[in-house]
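Q: Dropping the structure in here first, questions after.
Please treat every number below as a calculation from the coordinates, not as lab data. Since this is a predicted model, take the numbers as computed values, not measurements. Backbone-built Cβ (ideal geometry, glycine too); neighbour counts: all protein chains shown.
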């Protein structure tokens, strides 16, 4: 396959992935928008004024970037894990495996699909947030780059989960017991400066903290973590997960006997 | 004639220790219509899985139109179209997208992909169903959809793993016609089937696998010529009181108006009728008891251990 043909194959996979989640938008795009709107209403509007300021900003303004990020993380992950596992379950992953399309194109195709859904939901949540607070943009570049990196990272994680999953239970265990707690403890609703020293150090082991803080920097210009550290950690995770995902696809783990 | 497929010493042992293929070697000529037969669990689907890169082989080599599957997998895969035994398409996608997406995986431009999808769906009588969810298609339509999908990259080698399983006789016959046409147009076809009539009717060459080993690999004609005996069922005009003793043929009593006769290939069937006539028995009609290939297949598989032919 030459480069042009590989790009056509990539386009076919991405189109298929985007059509998949678009076709069922009531299940894929609408629920996170409603859930996040409830967060805005309850935490931002109702509880927020009693909390007061956080790092010098209205509580609502403080949590908006984190909630957008949370929606992007969960949806990027959910898209790839459910799509990849579904293709294993229905065996239509075989359509790609018998074709000459290289493994890295399959991987990039699924990741792009995850990023597309993450960003679609992220944009929808951002639009909803405008109802509650005007958008404050400090650095569009940081905001955009960090949301893309995060969507890529969690799409990769979703793919690894999908490769190992042997049942529909397996695709919900990680999001429920790992991803959601890490997201909630990743500084979406609070600044880690509020925590006792021990818990501040513990929080630094949570990769989501770095992404949420860098993304918040893009909006508000403040972060608990240095931007360079956030980028370095995100990129390092992406490289590691990409190589591992590629290794799993090459080996045919769970998809070839 | 050039080789479409060359398999050398192919072995497959699954993780649990099950050996599915043992030193299988065979060659399929370009343009051939090749039958791969064997009882359930013989290793046919494993062999096809290895050819189509869905199963990792344990040892051996596979070359497709001169492209080694290990060293030049993309070129080898580009030559293949696969119709698997089980449905393996997204049941929540419409046929037009399934076929067009498959073309995309082979690097075919979207516009051309839809053009080919249209052609294939029309040929296989699925065009009216192009926008419905695939899960709503009947079993026969799903099988035809997989054929339409397998042909979208214009494969030089089409592999069909029991393509007519579970479809009615009318659709089966129309599929046979279609497969003959694409074979006549130059596509090499490998077919596995449980319908031995299908193999006898379509395949020019046949290999038989049993317990992971190749036990026969020859032309269909040669295979059928090796049958020494054929059994015929005779429907009689009048009921018989007892079984007549014939001098040259062995006959069996089925019921008072039906007999079975074994006839050696070298014997003339006329002598049977002459003898029956001498006993005042008139035959109304006659038919083969079993499909000839089926008979041979059963002989080979049942006596497999004794009569294996190394190829």
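Q: What nm value, rounded to one decimal, do you get for the distance between residue A:104 and residue A:177 when each label is placed 7 Å out toward the C-beta?
A: Output for this residue pair reads 3.5 nm.
Q: Moving on. Among DSSP beta bridges whose residues both lie in chain B, state the antiparallel percentage, nearest 5.
A: That works out to approximately 70 percent antiparallel.
Q: Let me know the mean shielding of A:88-97 by other chains, meaning the per-residue number of their Cβ atoms within 10 Å of its Cβ.
A: The per-residue average across the peptide is 6.
Q: 222 nm [θ] for chain B, helices only, -39500 (n - 2.57) per DSSP H run of 4+, per residue, to 500?
A: After summing the helix terms and dividing by residue count, I get -9500 deg cm²/dmol.
Q: With a 10 Å radius around each residue's Cβ, average the other Cβ atoms per peptide and rank B:207-215, B:100-108, B:64-72, highest first.
A: Packing order, densest peptide first, comes out as B:100-108, B:207-215, B:64-72.
Q: Which length gain, in nm to one decimal place, applies between residue B:154 and residue B:71 when the Cα-Cα distance is subtracted from 0.36 nm times their residue separation?
A: Extending this stretch completely gives an extra 27.6 nm.
Q: Using Cα-Cα distances under 8 Å and only pairs 6 or more residues apart, what relative contact order does segment B:3-220 have, in percent?
A: Values: 431 pairs, mean separation 63.2, N = 218.
Over segment B:3-220, the number comes to 29 percent.
Q: Sorted by packing (mean other beta-carbon atoms within 10 Å per residue), highest first, where do B:109-119, B:86-96 land?
A: Packing proxy ranking, top to bottom: B:86-96, B:109-119.
Q: A follow-up question, please. Quick one: if you stick a label point 7 Å off each Cα along the C-beta vector at residue B:260 and residue A:227, how many nm between them?
A: 8.8
Q: Let me ask you something else. Please report the antiparallel percentage of DSSP beta bridges with both residues in the protein assembly as shown, rounded to the nearest 5. Intermediate values should be presented prior to the final figure.
A: Working: 39 of 56 bridges.
Here the antiparallel bridges make up roughly 70 percent for the protein assembly as shown.
Q: Further question: Starting with the fewest neighbours, write out A:25, B:176 ranked by other beta-carbon atoms found within 10 Å of each beta-carbon. Walk me through the intermediate numbers first.
A: Numbers: A:25 13, B:176 17.
Ascending Cβ contact count within 10 Å gives the list A:25, B:176.
Q: Could you work out the relative contact order of segment A:3-251? I mean the mean sequence separation of Cα pairs under 8 Å and 6+ apart, divided by the number of residues, in percent.
A: 26
Q: Within 10 Å of each Cβ in peptide A:3-12, how many partner chain Cβ atoms are there on average? Round it to a whole number, please.
A: Shielding by partners across A:3-12 averages 5.
Q: For chain A, take the longest principal axis of its alpha carbons; what is the angle in degrees between that and the long axis of helix A:207-220, to the nearest 10 within 0 to 90?
A: Taking the Cα atoms of chain A, the angle to A:207-220 is about 60 degrees.
Q: Also, I was wondering about something else. Consider a paramagnetic label point 7 Å from the Cα of residue A:194 along Cα→Cβ; state which residues of segment A:6-42 have an amide N under 20 Å from it.
A: A:36-42
Q: Still on this structure, I have one more. Per residue of B:84-95, what is the mean number of Cβ atoms on other protein chains within 10 angstrom of that residue's Cβ? List each step's numbers first, then the result.
A: Working: counts 3, 0, 2, 3, 9, 5, 10, 3, 6, 6, 0, 0.
Rounded to a whole number, the mean comes out at 4.
Q: Taking the Cα-to-Cβ direction at residue B:165 and at residue A:19 and moving 7 Å from each Cα, how far apart do the two end points lie in nm?
A: Result: 2.8 nm between the two label points.
Q: Taking a label point 7 Å from the Cα of residue A:41 along the Cα→Cβ vector, which residues of segment A:100-130 have an amide N closer than 19 Å to it?
A: The answer is A:124-130, whose backbone nitrogens lie closer than 19 Å to the label point.
Q: Which peptide among B:159-171, B:269-281 comes first, and what is the full order, when sorted by highest mean count of other Cβ atoms within 10 Å?
A: B:159-171, B:269-281
Q: What ranking do B:203, B:264, B:79 get, fewest neighbouring Cβ atoms within 10 angstrom at the top?
A: Numbers: B:203 25, B:264 13, B:79 20.
If I rank by nearby Cβ atoms, fewest first, I get B:264, B:79, B:203.
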